[in-house]
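A.B. asks: I have a structure I would like to understand better, so I am pasting it below and will then ask my questions one at a time.
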């Protein structure tokens, strides 16, 4: 929302600089993002919350300035000369849909001269980003920016039967709007119609057939109040957003319709001539009245921690248009204006007083608390994981829980949980996976040249379980690009599956989960008897992904994102991701940490090379060796893998090293040979491996 400095000064005296005013408004909650000079003026760009439609106008902001500096708000100039001819003789109004239209007011001006607007009006509108059309249309836009209440002007001659009917659209009704587009209307959409056809989309845009032209002589001015939800639905459905719909969606002032009409009629009389017909057609079947609130002095002191003098309270409330109708010893009975629907409770009034009194005038003291406090059970584990991820080079990101439905479907088989009133089509469902948001974060960096990134998010995902919404805590990880950049000491190396696997093993270790018992099972891996096979999720690369398992539990999934998914996001490099449900991780009982004496005796390392079936992974080989229960084994690790044309297609060659060491003595050659032979026999018997000898060496 743009606000003109010079225009503001027409409603309130301002003694400070534009920059100081911007800072002061921001301090009271009317956030000014930028101040830009424009010839002899300054433009303020406001960042308003959706609950403050009253500040979508110069008068609304001027009221905030009035309360801020304790200066009176100047009245709006509405000098209106009316002809003796009654307005009812020129037009009638009927509201069919009272549920969607609470009030409809109209005025008629006859004998106008439609022409280009004067230069001062054109400059003022163009400064705010509005295009000049003609003097009548420009005046309605001028009043919109001044008072914040949308108006629309019809060519009265083009209204069939000179009757306005506010109703819902009929089946397959169509309307060509003033932008020249034919729009197919649906049932439930509110329209302004004459006796034959729709002539405008209520609260959004007028129709082409009834718009003001240079031949127009009779003008019908509309000023109404439409249901915000109805306007929002129609606006989203037809993909049209206007200055009028922006205000009606947030809630216009139902009692400002006649004032806006009178201001516009006064300006038309001045700039376009003509005669304003006597009176207003005002269809207001059920007058909106708000119940007064009682504001207690004791409650102000209790909430703010110090007393505010009653005269100060009264002055602030009156300047903000909250009229005190009765003052008592205990407090005040305050009348609530229909322009401030965000103020509903006593605490809301206290907030209004506090922000204009000055938060800096209240002591910074914490409220007293006599009860105890405790952290959530998983707090310490979550902290360990976050610190571990930080040390591994990951950056934390926070994304929205609302995502696009089609994007969400690409990462889950769960039925989506749809929002009843989404902010946009891009935020229509609750996320079933953290990956859509994480990928968007990665993509933002990727498109700006940051090709190497490691990011994570801890957050909730949502799914349906027995008809109820279930929340699950997840850890999502993304890593892509280079693990090691090129330098004088090293060459570039891209991040691969095993880097991510290693990161996850480190996180498991930090939580005390026995990593040696954890298995990473891919779709091509042989599973143990009775153990289900791994079916990769469709957004993972089937050959570069694995499920994390421990003791029959599934601890998550990791792997390379499917190339088709990368193509959809226009990412031209491999992306590795992990999805980890945190509850199973937190529930695993950590192994007790024990002190291990530093060995005083030397170790002996022996290598073992073998041919195995391709579906046998390294973790299976290592767990089989552990079953030999040889206490002297201190470490086992692979160092070579071979799959080539000199081996059968179902075989691979793997070489491992085994480190033997005793804590109480130096091992002899005979002892190590005996242990090594036992391991070879166990591997041959259990896994059917073929020990590689120099005569069978394929290298």
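A.B. asks: Hey, among 406, 443, 439, which residue is part of a helix (DSSP H, G or I), buried (at least 20 other Cβ atoms within 10 Å of the Cβ) and within 18 Å of the chain's Cα centre (by Cα)?
C.D. replies: 439
A.B. asks: For residues that are without any contact (Cβ under 8 Å) to a residue 60 or more places away in the chain and surrounded by 14 or more Cβ atoms within 10 Å (Cβ to Cβ), scanning just segment 31-53, find the one that is nearest to residue 124 (Cα to Cα).
C.D. replies: Result: 42.
A.B. asks: Out of segment 650-671, which residues are surrounded by fewer than 10 Cβ atoms within 10 Å (Cβ to Cβ) and under 51 Å from the mean Cα position of the chain (by Cα)?
C.D. replies: 650
A.B. asks: Scan segment 360-372 and tell me whether some residue there is part of a helix (DSSP H, G or I), surrounded by 11 or more Cβ atoms within 10 Å (Cβ to Cβ) and touching a residue at least 12 places away in the same chain (Cβ under 8 Å).
C.D. replies: Scanning segment 360-372, I find no residue that is part of a helix (DSSP H, G or I), surrounded by 11 or more Cβ atoms within 10 Å (Cβ to Cβ) and touching a residue at least 12 places away in the same chain (Cβ under 8 Å), so the answer is no.
A.B. asks: Could you name every one of the helices (runs of 4 or more DSSP H) located completely within segment 185-287 that has at least 3 residues being assigned by TED's automatic domain parsing to the domain that holds residue 169 and farther than 15 Å from residue 150 by Cβ?
C.D. replies: 228-238, 257-271
A.B. asks: Only one residue in 185, 151, 144 is farther than 30 Å from residue 35 by Cα and buried (at least 18 other Cβ atoms within 10 Å of the Cβ). Which one?
C.D. replies: 185
A.B. asks: Going by what's in this entry, would residue 78 be described as assigned to a loop (DSSP other than H, G, I, E, B) and more than 39 Å from the chain's Cα centre (by Cα)?
C.D. replies: yes
A.B. asks: When the residues of segment 461-502 are filtered to those that are out of contact with any helix residue (DSSP H, G or I) (no Cβ under 8 Å at 6 or more places or on another chain) and in contact (Cβ under 8 Å) with a residue 60 or more places away in the chain, which remaining residue is surrounded by the fewest Cβ atoms within 10 Å (Cβ to Cβ)?
C.D. replies: That would be 494.
A.B. asks: Taking segment 234-274 as the search range and keeping residues that are more than 26 Å from residue 175 (Cβ to Cβ) and in contact with a helix residue (DSSP H, G or I) (Cβ under 6 Å, 6 or more places away or on another chain), which one is surrounded by the most Cβ atoms within 10 Å (Cβ to Cβ)?
C.D. replies: Only one residue tops the list, namely 263.
A.B. asks: Mind listing just one residue for me: the one in segment 303-326 that is modelled with pLDDT under 90 and on the phi < 0 side of the Ramachandran plot and, of those, farthest from the chain's Cα centre (by Cα)?
C.D. replies: The selected residue is 307.
A.B. asks: Can we say residue 683 is outside any strand (DSSP E or B) and either outside the structural domain of residue 626 (by TED's automatic domain parsing) or buried (at least 16 other Cβ atoms within 10 Å of the Cβ) (or both)?
C.D. replies: When the stated conditions are applied, residue 683 passes them.
A.B. asks: Scan segment 168-179 and give yes if some residue there is in a helix (DSSP H, G or I), surrounded by fewer than 21 Cβ atoms within 10 Å (Cβ to Cβ) and touching a helix residue (DSSP H, G or I) at 6+ places or on another chain (Cβ under 9 Å), otherwise no.
C.D. replies: no
A.B. asks: Then there's this: Counting only residues that are without any contact (Cβ under 8 Å) to a residue 24 or more places away in the chain and outside any loop (DSSP other than H, G, I, E, B), which one in segment 301-325 is surrounded by the fewest Cβ atoms within 10 Å (Cβ to Cβ)?
C.D. replies: Looking at the filtered set, the residue picked out is 311.
A.B. asks: Further, regarding this structure: Answer yes or no: is there a residue in segment 588-607 that is surrounded by 18 or more Cβ atoms within 10 Å (Cβ to Cβ) and within 53 Å of the chain's Cα centre (by Cα).
C.D. replies: Within segment 588-607 (the criterion being surrounded by 18 or more Cβ atoms within 10 Å (Cβ to Cβ) and within 53 Å of the chain's Cα centre (by Cα)), the answer is yes, since at least one residue qualifies.
Per-residue answers, yes or no, for (1) over 19 Å from residue 505 (Cβ atoms); (2) modelled with pLDDT under 90:
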residue: 585; (1), (2): no, yes
residue: 594; (1), (2): yes, yes
residue: 597; (1), (2): yes, yes
residue: 600; (1), (2): yes, yes
residue: 612; (1), (2): yes, no
residue: 620; (1), (2): no, yes
residue: 626; (1), (2): no, yes
residue: 631; (1), (2): yes, yes
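A.B. asks: Can you tell me which residue in segment 5-26 is surrounded by the fewest Cβ atoms within 10 Å (Cβ to Cβ), limited to those that are touching a residue at least 40 places away in the same chain (Cβ under 8 Å) and assigned to a helix (DSSP H, G or I)?
C.D. replies: Result: 24.
A.B. asks: Would you confirm, using the coordinates I've provided, whether residue 137 is closer than 23 Å to residue 254 by Cα, out of contact with any helix residue (DSSP H, G or I) (no Cβ under 8 Å at 6 or more places or on another chain) and in the same structural domain as residue 224 (by TED's automatic domain parsing)?
C.D. replies: yes
A.B. asks: Still on this model: Of the conditions (1) in a strand (DSSP E or B); (2) at pLDDT below 90; (3) in contact with a strand residue (DSSP E or B) (Cβ under 6 Å, 6 or more places away or on another chain), residue 490 satisfies every one except a single condition; which number is it?
C.D. replies: (1)
A.B. asks: Separate question: Please specify each residue of segment 149-184 satisfying the condition of being within 31 Å of the chain's Cα centre (by Cα) and either assigned by TED's automatic domain parsing to the domain that holds residue 53 or at pLDDT 95 or above (or both).
C.D. replies: If the condition is that a residue be within 31 Å of the chain's Cα centre (by Cα) and either assigned by TED's automatic domain parsing to the domain that holds residue 53 or at pLDDT 95 or above (or both), then 149, 150 are the ones that fit.
A.B. asks: Separate question: Scan segment 383-400 for residues that are surrounded by fewer than 17 Cβ atoms within 10 Å (Cβ to Cβ) and either out of contact with any helix residue (DSSP H, G or I) (no Cβ under 6 Å at 6 or more places or on another chain) or in a loop (DSSP other than H, G, I, E, B) (or both) and jot them down.
C.D. replies: Selection gives 383, 386, 387, 390, 391, 393, 395, 396, 398, 400.
A.B. asks: Against the condition touching a residue at least 24 places away in the same chain (Cβ under 8 Å), crowded, with 21+ Cβ neighbours inside 10 Å and over 24 Å from residue 236 (Cα atoms), how does residue 458 come out, does it pass?
C.D. replies: no
A.B. asks: On to the next question. For segment 409-435, name all the residues that are surrounded by fewer than 20 Cβ atoms within 10 Å (Cβ to Cβ) and in a helix (DSSP H, G or I).
C.D. replies: 409, 425, 426, 427
A.B. asks: Mind checking whether some residue in segment 216-229 is within 32 Å of the chain's Cα centre (by Cα) and surrounded by fewer than 18 Cβ atoms within 10 Å (Cβ to Cβ)?
C.D. replies: yes
The values are calculated or read from the model by the stated rules, or taken from the named source; none is laboratory data. All values derive from a computational prediction rather than experimental measurement. Cβ atoms come from the backbone with ideal geometry, glycine included; neighbour counts cover every protein chain shown.
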